[in-house]
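The block underneath contains the structure these notes are about, expressed in structure tokens.
The values are calculated or read from the model by the stated rules, or taken from the named source; none is laboratory data. All figures in this text were calculated on a predicted structure; none of them were measured in a lab. Cβ coordinates were reconstructed from backbone atoms using ideal geometry, including for glycine residues, and neighbour counts include every protein chain displayed.
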């Protein structure tokens, strides 16, 4: 399945992202379930979480070389905003 690419990402609270895709749809993505995984522990820091960026090409959102979430995950599990 081909997923739309990420156009923008903004942290709207301490564990929720608002993702806009290149098809102009927006989805909310709750990162809270991922915070149980060691890789995502640093995102419990609100300042780091708010520093989210879109990877060049729109294939993921990233915080560091070690922490990212793919466009597939965001698209598949995000909640559509109407």
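Among the residues of the range 45-65, those that are assigned to a strand (DSSP E or B) and closer than 13 Å to residue 10 by Cβ comprise 53, 54, 61. Among the residues of the range 15-44, those identified as touching a helix residue (DSSP H, G or I) at 6+ places or on another chain (Cβ under 6 Å) and either assigned to a strand (DSSP E or B) or modelled with pLDDT under 95 (or both) are 19, 29. For the range 1-14, the set of residues classified as under 12 Å from the mean Cα position of the chain (by Cα) and assigned to a loop (DSSP other than H, G, I, E, B) consists of 5, 12, listed by residue number. Anything in the range 66-75 that is more than 20 Å from residue 13 (Cβ to Cβ), out of contact with any strand residue (DSSP E or B) (no Cβ under 8 Å at 6 or more places or on another chain) and surrounded by 12 or more Cβ atoms within 10 Å (Cβ to Cβ)? List them, or say none. 72 - this is the single residue of the range 66-75 that is more than 20 Å from residue 13 (Cβ to Cβ), out of contact with any strand residue (DSSP E or B) (no Cβ under 8 Å at 6 or more places or on another chain) and surrounded by 12 or more Cβ atoms within 10 Å (Cβ to Cβ).
All conditions but one from (1) more than 17 Å from residue 70 (Cβ to Cβ); (2) crowded, with 17+ Cβ neighbours inside 10 Å apply to residue 17; the one that does not is (1).
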